[in-house]
Amino acid sequence: MKPSIPDRMRAAAIDRFGGPEVIRTRSLPVPKPRANDVLIRLDTAGIGVWDPYFRSGEIGSAQEDFPRVIGNDGAGTVVATGDRVTRYRVGERVYAYSMDGGFYAEYAAVNEENVAPIPPGVKTDEAGALGADGVTALRGLEDELQLERGETLMIFGASGGIGHIAVQLAKRIGVKVLAVASGEDGVALVRRLGADTAIDGRHDDVAAAARAFAPGGLDAALVLTGGAGLPDALREVKQGGRVAYPNGVEPEPRVPDGVESHAYDGTPGLDAFNRLNDLIGSARFHVELGRVYRLEDAEKAHREIEKHHLGKLAFRVHGEGNA
C-alpha cells in the first residue's frame, strides 16, 4: 500500500536574502520527484554552519527563485520514486545530502545518487545530520590526505559537526588521532569517540601537545576551523606531510614549506556514500546533535548557530519531539 502524500507541507523558507529574520515557516507544495529522484518524508534535517551563507545569498544560486527552502541534508523514509530510480523502494529508511537545498521541510526530492541507506550503526534520529558532514569528513581523510593505518593525524576543530565524525572515521581507518576540540565538553566528547589524545584548543598549547603526540612530526592534519594555536600547530607537520581543509575555512591555513596543502569541497556522490557506509558499518557510530529545533524555530536556530555547541544542529521534522 502506497503512503498517502499530501499536496502541501510545512517548510522553513526565505523570500529574500538577508539575516535570520528572513526565514519563515510557510505552507508550500510537496515537491514532485523527477525521473531520477526519490521523495523523502523527513524525520530530521541538518543545520549546517554554512547555511547562513545560503540564507544571505553569499553562496549558492543567485537566481531570485523565491520562496526558497535551504538545507543540504536530512533523513527519513522514501515515500515515492521517479520512473528511472533503481536503487530505492518506497518504505526504505535513508539519509541524503544534496547541494540543491530543500531540506528545511517535511519532504525533499533528491537525486538517488545523493541518497544512501541509513547504516545499522547509526541511530535514525542522528542520521539527518550525517550526510553533509560525513561526506566532507570522508573526502578529507581518504581523498585528500590519503591516510594509511598507523599514521598520526591532528584534527583541528574535532568537536564540531565534521570534526567529531572525522575522529570516528579516522579511528576506523586505523589512524592515531590528536583531537583539538573546543571547551571541556568538546574534549570529553572526542575522548568518548575514541581520540588517542584530546586537548582544548582554546586553552592548551596545541603545538606542545602535537610534539608530545608525534615526536617525529605529524603525518597529516585536517583543519576544520581557525584558531590562535593553529599556525604553530601546523609547523609540527613533518616535511612531506599533508594538510587538508574544506573550502570556506577562514582564515585559510598557511602551511610550512615542504608540506602539501589541499583545499577541497565535500561534494556528494554515490561512491562517497558507499565508502562512508562501509567505514561506518554496523558498529555503533555516533552523530552528535548539539541542539534540536522545530521547523518553526528556524530563525532562532540561525541566531544560535554561531554560539558554542558540539556536533551539528538539527531540526526534528516528524516524530516525537516536534510538538
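The values are calculated or read from the model by the stated rules, or taken from the named source; none is laboratory data. Please read all numbers here as calculations on a predicted model, not as lab measurements. In this analysis, Cβ positions are derived from the backbone assuming ideal geometry, glycine residues included, and neighbour counts consider all displayed protein chains. Heads up: the accessible areas ignore ligands, DNA and RNA and are worked out on the full protein's heavy atoms, side chains in. Shrake-Rupley method; radii C 1.70, N 1.55, O 1.52, S 1.80 Å.
Numbers at a glance
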| quantity | calculated |
| --- | --- |
| Qualifying residue in the stretch 7-15 (condition: in a strand (DSSP E or B), farther than 25 Å from Val292 by Cα and not acidic (Asp, Glu)) | no |
| Listing of helices (runs of 4 or more DSSP H) fully contained in the stretch 115-199 that carry 1 or more residues being of a type in the set (Gly, Ala, Ser), more than 30 Å from Pro33 (Cα to Cα) and open to solvent by 30 Å² or more (accessible area, probe 1.4 Å) | 183-192 |
| Failed item in (1) open to solvent by less than 10 Å² (accessible area, probe 1.4 Å); (2) not small (Gly, Ala, Ser); (3) not in a loop (DSSP other than H, G, I, E, B), with Thr77 passing the rest | (1) |
| Which listed residue, of Gly46, Gly60, Gly71, is of a type in the set (Gly, Ala, Ser), part of a strand (DSSP E or B) and closer than 20 Å to Phe315 by Cβ | Gly46 |
| Answer residue from the stretch 1-53, given it is among the basic types (Lys, Arg) and within 10 Å of Glu106 (Cα to Cα) and is most open to solvent (accessible area, probe 1.4 Å) among those | Arg8 |
| Qualifying residue in the stretch 67-81 (condition: in contact (Cβ under 8 Å) with a residue 60 or more places away in the chain, more than 22 Å from Gly248 (Cα to Cα) and in contact with an Asp or Glu (Cβ under 6 Å, 6 or more places away or on another chain)) | yes |
| Pairs where the first residue, in the stretch 6-20, is β-branched (Val, Ile, Thr) and modelled with pLDDT of 95 or more and the second is open to solvent by less than 60 Å² (accessible area, probe 1.4 Å) and part of a strand (DSSP E or B), C-beta under 6 Å, 6+ apart | Ile14/Ile23; Ile14/Arg68 |
| Residues of the stretch 270-316 classified as basic (Lys, Arg) and open to solvent by less than 20 Å² (accessible area, probe 1.4 Å), total | 1 |
| In the stretch 245-256, the residues that are under 23 Å from Lys312 (Cα atoms) and surrounded by 16 or more Cβ atoms within 10 Å (Cβ to Cβ) | Tyr245, Pro246, Val249, Pro253 |
| So Val110, is it in a loop (DSSP other than H, G, I, E, B), over 19 Å from Gly281 (Cα atoms) and either touching a residue at least 12 places away in the same chain (Cβ under 8 Å) or not aliphatic (A, V, I, L, M) (or both) | no |
| Qualifying residue in the stretch 82-92 (condition: β-branched (Val, Ile, Thr) and surrounded by 24 or more Cβ atoms within 10 Å (Cβ to Cβ)) | no |
| Meets criteria (within 22 Å of Leu130 (Cα to Cα), modelled with pLDDT under 95, open to solvent by 60 Å² or more (accessible area, probe 1.4 Å) and assigned to a loop (DSSP other than H, G, I, E, B)) for Asp65 | no |
| Residue count, the stretch 83-102 (criterion: touching a helix residue (DSSP H, G or I) at 6+ places or on another chain (Cβ under 9 Å) and in a loop (DSSP other than H, G, I, E, B)) | 9 |
| Condition met for Val292 (over 22 Å from Glu126 (Cα atoms) and of a type in the set (Val, Ile, Thr)) | no |
| The stretch 175-189 residues that are within 22 Å of Asp219 (Cβ to Cβ), paired with ones that are assigned to a strand (DSSP E or B) and not aliphatic (A, V, I, L, M) (beta carbon under 6 Å, 6 or more apart) | Lys176/Thr152; Leu178/Thr197; Val180/Phe156 |
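Per-residue answers, yes or no, for (1) under 13 Å from Phe156 (Cβ atoms); (2) at pLDDT below 95; (3) among the basic types (Lys, Arg); (4) surrounded by fewer than 24 Cβ atoms within 10 Å (Cβ to Cβ):
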position: Ala214; (1), (2), (3), (4): no, no, no, yes
position: Asp219; (1), (2), (3), (4): no, no, no, yes
position: Val223; (1), (2), (3), (4): yes, no, no, no
position: Gly229; (1), (2), (3), (4): yes, yes, no, yes
position: Leu234; (1), (2), (3), (4): yes, no, no, no
position: Val243; (1), (2), (3), (4): yes, no, no, no
